Every structure is written in structure tokens, then in C-alpha cells.
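To start, the structure itself, in C-alpha cells.
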Amino acid sequence: VPPSCDWRKAAGVISPIRDQGTCACCWAMAAAGNIEALWAIKFHQFVQVSVQELLDCDRCGDGCKGGFVWDAFVTVLNNSGLASEKDYPFRGDVRSHRCLAKKYKKVAWIQDFMMLQKNEQAIARHLATHGPITVSINKQLLQQYQRGVIKATPATCDPRLVDHTVLLVGFGKSKAVGPQAGAQSHPGRSTPYWILKNSWGARWGENGYFRLHQGSNTCGITKLPLTALVDQPVKKHPISCPP
Amino acid sequence: GSLRAQDAGLQPLELKEVFTLFQIRYNRTYSSPAERARRLAIFAHNLAQAQQLQEEDLGTAEFGVTPFSDLTEEEFGHIYGHRTVTGGAPSVDKARSEERGQP
């Protein structure tokens with residue numbers, strides 16, 4: 001695992017910050033960001049996929065009232081890919097019975113999806129060697145967050161109650177120079193952090209991103225690490241059971 | 001510049017000024033003076049909450065005025081979250097096969 005990793009610095013991998021508005025579709029936006037990043041890493045082609053298609057074609061109904069990342073991936077598999085954001089733009093509402101998946105050309109697709117090991121070292125390794133992944137966290141500290149690295153305890157941010165999904169795009173270390181540095185940390189000691197892409201617009205947080213402390217399972221970041229698998233289709237040889 | 005958590009210690013008149021700046025910055029309008037007063041009270045509560053978070057945080061985070069400072073915790077949770085994951089969520093621990101000989 002390298003000491004730092006920031007997929008934002010790789011040209012054309014991370015799409016612009018999205019804004020979910022009053023539609024609770026963080027799960028769909030995080031899944032879209034995951035697919036876009038992996039597609040760019042694998043095929044060196046920048047695409048922006050349709051979040052609205054994930055909402056309209058979701059088997060579970062009203063995606064603006066919440067959902068899960070695996071539902072988004074199942075929708076992509078069922079529809080054999082996703083249309084572009086340009087063709088099928090985000091409206092911020094849901095028309096469950098008006099899935100327009102067949103109307104537009106697919107610009108990206110996935111082979112499968114999987115859940116990663118629930119430990120921060122394994123997550124960092126996968127992030128550095130494969131690409132951004134989706135994680136679910138407890139969002140209670142984010143309403144008032146402006147900038148810096150959040151380091152919480154289970155008492156201040158319960159890691160069991162995750163209710164928001166975002167895209168994990170990197171990690172690094174910073175000097176402990178914040179307001180609490182003198183009281184809680186050794187001066188000059190570096191603080192390891194995760195870099196996360198939110199979907200609340202670029203005017204929130206650090207230009208739409210935020211950072212969580214790495215190594216303390218802050219706000220439950222290890223609870224649901226999921227990623228799509230984007231690759232060339234592999235021709236599978238049929239197998240048969242010996243008679 | 002940004003409005004910081006220490007703004008929570010402002011006097012009432014200053015708080016109203018900060019709230020007006022918030023409305024301008026984030027383009028917020030309210031349906032009536034009563035609704036604006038209610039949002040101002042929520043805003044003041046959130047600034048106090050931000051100050052408390054600032055004191056509790058063990059990292060370098062800064063808390064203060066954000067685009068969501070006029071929302072209650074319940075409104076924020078309802079609008080911006082997803083369904084809370086409960087014990088029924090898939091788990092790699094549960095999916096792992098047992099060792100040979102184990103039930």
C-alpha cells in the first residue's frame with residue numbers, strides 16, 4: 001500500500017461533483033461515480049453515466065427515498081449497462097414505471113460487483129491498486145462540516161448506524177495543525193485520512209469532498225465497502241460434472 | 001470568506017446578520033416571517049451544535065455554517081440519507097464457509 005493515493009490527480013478518472021438536491025439518491029450517485037472511475041482506469045475513456053436511469057429502473061421503487069449500492073449495481077447488470085448522463089439527465093425525481101433504459105445507447109457496463117473486506121488496510125490496498133470504491137458512513141457530523149479531517153469516536157459518531165453512501169477516492173497524511181492538535185495530538189505528528197467524494201454539490205465541504213480519519217473506523221467507514229467489477233468480458237468455458 | 005463555528009457565540013443582532021449572509025450566500029427564501037424566525041432558531045441551534053462538534057473532534061475538522069445550517073437534524077437525515085442499514089445487511093463474515101468438520 002503506497003503512503004498516499006488520490007485518484008483526483010489522475011486525469012479523467014473522477015467525474016465532477018454531483019448535487020443530489022432533495023432526492024436521497026446518494027447510493028445511486030456513489031455507484032455511478034464508482035463505475036465512471038473504474039471505466040476510465042480500465043479503458044482510458046471518460047464517461048458520465050446516468051444516475052436517473054438508476055432511479056427510474058430500480059427494482060425497489062422510489063430511489064429518492066433512499067436505497068442501497070447493490071441495488072444500483074443489480075440495475076446496471078439487468079439493463080446490460082447504463083446510458084450517458086447527457087442522454088438521460090438527472091431530474092431529481094423518480095418515475096418508477098418510466099424506465100427508459102432501452103431508449104438510449106449504453107456507454108458503460110459492469111461484469112459484477114463485490115463487497116470488500118471490512119478493514120481499513122484491505123480497503124486502502126484495493127483503492128490503490130484497483131480504483132475508487134463506495135462506502136457507507138454515519139453522516140451525522142457532515143451537516144455542520146466545513147473542512148479538515150474528522151476524527152470521531154463511537155460515542156460521537158456511531159459506526160454501526162451508517163446512513164449515507166459516498167465514493168472513496170484516496171488517502172493520505174497531514175500534519176496535525178487544527179484547533180484540537182495541541183490538546184489531542186503530538187505537535188507535528190501526521191494524521192492519516194481518507195478522501196471522500198460527496199454528492200451535495202461543490203459548495204459543501206472541501207469543494208464537495210471531505211476527509212475522515214484513517215485507522216479508527218471513523219463513522220463506520222468499514223461497514224459496507226462495495227465496488228463494481230469493470231473488465232473485459234472473459235469467455236467462460238463450460239464445465240460439466242463427470243457422469 | 002466562510003462563517004466559522006465561533007460565530008455561535010455571537011450576540012442576537014449579530015446572529016441575525018450572520019443568518020442574513022447565509023440566506024444570501026445559499027439563496028434561501030422563506031414563505032413567511034414566522035417561517036424565517038423558525039429557521040433562524042434552527043440556525044442558531046446548529047451553530048451551537050457546530051461549536052460542540054468542534055470541541056469534541058479529535059482531528060483537524062472545522063465545523064460551522066454550511067448549506068444545511070437551516071435544517072433540523074431530522075430534516076437533514078430525511079432528505080440526504082439513505083435507508084439505514086440494519087442487521088440484515090449482507091456480511092462477508094456470515095458468507096464465509098465454515099472450516100471442515102464444523103457444523
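Worth pointing out:
- Our coupling estimate for the stretch A:85-90, obtained by passing each phi through the Karplus curve with A = 6.51, B = -1.76, C = 1.60 and θ = phi - 60°, is 4, 5, 6, 10, x, 6 Hz, Gly and Pro reported as x.
- Tilt relative to chain A, helix A:69-78 - C-alpha long axis, 0 to 90 degrees, to 10: 20 degrees
- Amide H contacts under 5 Å for A:D158, placed H, 5+ residues apart: none
- Selected from A:A83, A:A155, A:A37 as most flexible by GNM, with chain A as the system and alpha-carbon contacts under 10 Å: A:A155
- Hz values of 3J(HN,Hα) by residue in the stretch A:143-156 - Karplus curve (6.51, -1.76, 1.60), Gly and Pro given as x: 4, 9, 6, 10, 6, x, 9, 7, 10, 10, 10, x, 6, 8
- In a fully extended conformation the segment linking A:K42 and A:H130 would gain 30.8 nm over its present Cα-Cα distance, using 0.36 nm per residue.
- With a 10 Å cut-off around each Cβ of A:51-59, the average count of Cβ atoms from other chains is 0.
- FRET efficiency estimate (nearest 0.05) - Cβ-Cβ, A:K65 to B:E55, R0 35 angstrom: 0.55
- Most fluctuating residue given options A:P89, A:P233, A:P154, as computed from a GNM of chain A linking Cα atoms under 10 Å: A:P233
- Angle in degrees between helix A:120-129 and the longest Cα principal axis of chain A, rounded to the nearest 10: 60 degrees
- The chymotrypsin sites (Phe, Trp or Tyr not before Pro) of the stretch A:26-83 meeting both criteria, a DSSP state outside H, G, I, E and B (loop) and at most 16 other C-beta atoms within 10 angstrom of the site's C-beta, are A:F46.
- A:T153-B:A48 FRET efficiency (beta carbon distance; Förster radius 25 Å; 0.05 resolution): 0.75
Laboratory data are not the source of any read-out in this text; all were calculated from the coordinates shown. From a predicted model like this one, the values you see are computed outputs, not experimental measurements. Using ideal geometry, Cβ is built from the backbone for each residue, glycine included, and neighbour counts are taken over all protein chains shown.
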